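**Q** Here it is, the structure, as structure tokens.
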Amino acid sequence: MGFLFSVPLRNEKIMTMTFKKICFLFIAALTTCSIQAQQVQIIPEPSSIQIGNGSFKLPNQITIQVPIVFESIATAMSERFKAVTGKSVIQSNQKNATIRFEQVQDNTLGKEGYQLTVNEKGIQVKAQTYAGALYAWQSILQLCPPAIYSNQINQQINWVIPYVQISDVPRFEWRGFMLDVSRHFFTVSEVKKMLDEMAMYKLNRLHFHLTDDNGWRVEIKALPKLTEVGAWRVNRIGKWHNITKPALEEPKTYGGFYTQEDIKDLVAYAKTKNIEIMPEIDIPGHSMAFLAAYPQLSTTPNYPYQVNAGDDFIDWSGLNGHITAKIDNNLDPSKKEVYEKLDIIFGELATLFPFEYMHMGGDETAKNNWEKSEDIKALMQKENLKNQDEVQSYFVRRVEKIMQSKGKKLMGWDEILEGGLAPEAAVMSWRGIKGGAEAAKQKHPVVMSPSSHNYLDYYQGEATAEGAVYAGLRMKKTYSFEPVPEGVDAKYILGNQGNLWSEQLQNIRNLEYMAWPRLMAIAEVAWSPKSSKDWNKFAKKVEGHFAILDTLKIKYAKSIYDPIVTTTLNTKGELFASMEGELRGLDFYYTIDESMPDQYSNPFTKAFLIPDDVTILRVISYRDGKPIGKLLNIPINALKQRAIKVL
């Protein structure tokens, strides 16, 4: 007989009651911890986090103690807590202040790391630098209820912060976002808005794509025609590359540019967010706006150039594997004046942008017009250049020397590898990871931004619902990216970057819709340890952050709720449709009889036949008995076009 049954009955009852009480308390503690874990939804995931049992309630009088170096953060905290909690907030030198910041000498925290403790004593932050303290503040904000981001006092909310112990440092120094302001122009205030949003997720590099065929967006005082002419084009509304070519006499009413004072303002503002701005002047290709101002810099100086309005002039199918241009949009690398003007441009930019790198583009150079140029043939003979790739490499090396003379380093898209990489150039790998891997093996710095995973202008859900562009990119795939290729020394990989080209982005709301929430995935891949990657956990956090975006009135996509609809054709020519989701717990209901689907329609369980007479497939997602996501209306032609033949 066991010990439990050998005790007297009265003691047995006491022990049984005690055991039940212990079990109840244990379950309650586990439940509390589970609730706490659900409340902790920090993006990007911290390097190390321990979630405690309990939460700290902000007192009626909040005191903040900071060293002088972090004073601007304390001011921001004071303003935020006052604006939303209605509580009194003061800065204090008290050691027992509600929120305490300490500047420490701790090399394990690096340039951007921090330690954050929330317990019954309050909130304590330790950081070596302003950047670390700033990121601790961003994490504190994410630990608060989403209403912390509002501009209205809400005293009905229980202003509590879960107990946590966080030690957090970024995996990569480069956590970037590229904004194209050439195809469509965004104002200073709109760029600042994006800087605010970047800082929320600890992104620290704004790659500023300032020039392209469709507009020159930065003032160069010694070359005023760049903005007098190059910043303006005929206004066209419609799908990019489906635009009718403007007549030369049509008014050039669309455009804009940043004055040098605007740039100084943006750089200073970005600094408060720990964001460096890297300017890009895209050359030698993508230079139509440049050539509209100075046509003599091309191989066809007598051509009547104008800033491109979105009409297509490139044959992307190319010739012998190279794209070709119906209009030469390249600078002529044989002309002395080209380098003289570039010296002026990069000279003025160097005084405006303190960041160590400047980007020269170098991508998608259509070389068919170079091949016809007698001047370039003479250059090739003089410099012993064997082909047009080596001509471009010659150009890149000369641009690198110009940048170096201004105290800057050159970065370019991965095409700058072709013909030989300039001696100290950094490479931004966009055509997959191959170029980045090759550059890293040559011991050059690399930023990974492959179109396969990081191009945010790609549609992110069902193409027929969002508008098809070149390709689609689901957030799950963005999150799956690993920036360090196999066999590459990680020290040459600076980091990860998401790129947002603006051909289809006519306004800031559309820009935000394409950026969020996929930029959260870019941020977490760049910041968090590889070992912590967990799609299901991340996706749940993203859903929690939708409330933050709603509070801030940031437009974002909910495409993660929509099914991925694929089709196959069997050997009989029969069309079958299938669906899968990015998230757990979704149910898909569909109709093929023209009716509108709901939870009483056909539930998707396995691939199903699309009969010949069907004209449209309608699908809607449900979770826990409630509709979620968009109603999809997919025409039969779209289903047939995506079909994979099953042999």
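**Q** What do you get for the angle between helix 188-200 and the principal long axis of the chain? Use alpha-carbon atoms, 0 to 90 degrees, nearest ten.
**A** It works out to around 40 degrees.
**Q** Compute the distance in nm between two label points, each set 7 Å from the Cα along the Cα-to-Cβ direction, one at residue 596 and one at residue 311.
**A** 4.3
**Q** Per residue, how large is the accessible surface of the chain? Use a 1.4 angstrom probe and give square angstrom.
**A** Details: 28690 Å² over 647 residues.
Roughly 44 Å² per residue, with all protein chains present.
**Q** Moving to a separate point now. Taking the DSSP beta bridges in the chain as the whole, what percent of them are antiparallel, to the nearest 5? If you can, show how the numbers build up before the last one.
**A** On the way: 48 of 94 bridges.
That works out to approximately 50 percent antiparallel.
**Q** Moving to a separate point now. Could you name the lysines whose alpha carbon sits less than 18 Å from that of residue 530, not counting residues in the same chain fewer than 8 places away?
**A** Qualifying lysines at Cα under 18 Å: 202, 476, 477, 491, 541.
**Q** Right, another one. If you average the C-alpha positions of the stretch 146-177 and of the stretch 577-603 separately, how far apart do those two centres end up, in angstrom?
**A** Cα centroid to Cα centroid, the span is 36 Å.
**Q** Would you pull out the residues with amide H under 5 Å of residue 183's amide H, same chain only if 5 or more places away, H placed 1.01 Å from N?
**A** Answer set, sorted by chain and number: 502.
**Q** Putting +1 on Lys and Arg Cβ atoms and -1 on Asp and Glu Cβ atoms, find which of 496, 255, 185 reaches farthest to the positive end of the dipole of the chain.
**A** 496
**Q** A follow-up question, please. Using the scaling law 2.2 N^0.38 Å as the reference, what is the normalised Cα Rg of the stretch 549-647?
**A** On the way: Rg = 14.7 Å, N = 99, 2.2 N^0.38 = 12.6 Å.
This ratio for the stretch 549-647 stands at 1.17.
**Q** Using a Cα-Cα cut-off of under 25 Å, which lysines could be cross-linked to residue 121, ignoring same-chain neighbours fewer than 8 residues away?
**A** Answer for residue 121, where 25 Å is the Cα cut-off: 57, 82, 87, 95, listed by chain and number.
**Q** Mean residue ellipticity at 222 nm from the helices of the chain, using -39,500 (n - 2.57) per DSSP H segment of n ≥ 4 over the full residue count, to the nearest 500 deg cm²/dmol?
**A** Working: 19 runs with 209 residues, N = 647.
One gets -10000 deg cm²/dmol as the mean residue ellipticity at 222 nm.
**Q** Quick one: angle between helix 130-143 and the longest Cα principal axis of the chain, in degrees between 0 and 90, rounded to 10, please.
**A** With rounding to tens, the tilt is 50 degrees.
**Q** How far apart, in nanometres, would the label points at residue 633 and residue 507 be if each is projected 7 angstrom from Cα along the Cα-to-Cβ direction?
**A** A separation of 2.2 nm, rounded to one decimal place.
**Q** Placing unit charges on C-beta atoms (Lys and Arg positive, Asp and Glu negative, everything else neutral), compute the dipole magnitude of the chain about its Cα centre in debye, rounded to 20. Intermediate values should be presented prior to the final figure.
**A** Values: 74 positive and 73 negative charges, 466 e Å.
In total the dipole reaches around 2240 debye.
**Q** Next question. Could you list which residues have their amide H under 5 Å from that of residue 232, counting only those 5 or more apart in sequence or on another chain, with H placed in the peptide plane?
**A** Answer set, sorted by chain and number: 216.
**Q** Can you give me the Cα centroid spacing of the stretch 190-259 and the stretch 280-310 in angstrom?
**A** One Cα centre to the other: 15 Å.
**Q** Something else now. For a Förster distance of 60 Å, can you work out the FRET efficiency between the beta-carbons of residue 351 and residue 533, rounded to the nearest 0.05?
**A** Numbers: r = 41 Å, r/R0 = 0.69.
For R0 = 60 Å, the calculated efficiency reads 0.90.
**Q** I'd like the carbon and sulfur percentage of the solvent accessible area for the chain, probe radius 1.4 Å, heavy atoms only, ligands and nucleic acids excluded. Don't jump to the answer; show the numbers that get you there.
**A** Values: 14970 of 28690 Å².
Whole-percent figure for carbon plus sulfur exposure: 52.
**Q** Continuing with this model, one more query. Mind jotting down a quarter of the surface of the convex hull over the alpha carbons of the stretch 211-353, in square nanometres, one decimal?
**A** Its average projected convex-hull area is 10.2 nm².
**Q** From the cross-link list 245/434; 225/336; 111/537; 192/533, which pairs have alpha carbons spaced over 25 Å apart?
**A** 245/434; 111/537; 192/533
**Q** If packing is taken as the mean number of other Cβ atoms within 10 Å per residue, what is the order of 517-523, 426-432, highest first? Present the calculation step by step, with values, prior to reporting the outcome.
**A** On the way: 517-523: 26.9, 426-432: 23.3.
Listed from highest to lowest mean packing, they are 517-523, 426-432.
**Q** So how many Lys-Lys pairs in the stretch 560-647 land under 24 Å Cα to Cα, not counting same-chain pairs under 8 apart?
**A** Details: 572/606; 572/640; 572/645; 606/626; 606/630; 606/640; 606/645; 630/640.
Qualifying lysine pairs in the stretch 560-647: 8.
**Q** So, R0 is 30 Å and r is the distance between the beta-carbons of residue 646 and residue 584; what FRET efficiency does that work out to, to 0.05?
**A** Values: r = 28 Å, r/R0 = 0.93.
FRET efficiency, residue 646 to residue 584: 0.60.
**Q** What distance in nm lies between label points placed 7 Å from Cα along the C-beta direction at residue 50 and residue 568?
**A** Computed distance between label sites residue 50 and residue 568 equals 5.0 nm.
**Q** Under 20 Å from a point placed 7 Å out from the Cα of residue 612 along the Cα-to-Cβ direction: which residues of the stretch 557-599 have their backbone N that close?
**A** 568-577, 592-594, by backbone N distance to the label point.
**Q** Can you tell me the alpha carbon radius of gyration of the chain divided by the globular rule-of-thumb value 2.2 N^0.38 Å? Walk me through the intermediate numbers first.
**A** Values: Rg = 28.6 Å, N = 647, 2.2 N^0.38 = 25.7 Å.
Normalised Rg, Cα atoms only: 1.11.
**Q** Also, I was wondering about something else. Kirkwood Rh, the stretch 51-137, all Cα pairs: how many Å? Before the final figure, lay out the partial values.
**A** On the way: mean 1/r = 0.0755 Å⁻¹.
Result for the stretch 51-137 stands at 13.2 Å.
**Q** Of the options 646, 485, 201, report the single residue whose Cα projects farthest towards the positive end of the charge dipole of the chain (beta-carbon charges: Lys, Arg +1; Asp, Glu -1).
**A** It is 201.
The values are calculated or read from the model by the stated rules, or taken from the named source; none is laboratory data. Since this is a predicted model, take the numbers as computed values, not measurements. As a convention, Cβ positions derive from the backbone with ideal geometry for all residues, glycine included, and neighbour counts pool all protein chains shown. All accessible areas refer to the heavy atoms of the entire protein, side chains included, with ligands and DNA or RNA removed. Shrake-Rupley method; radii C 1.70, N 1.55, O 1.52, S 1.80 Å.
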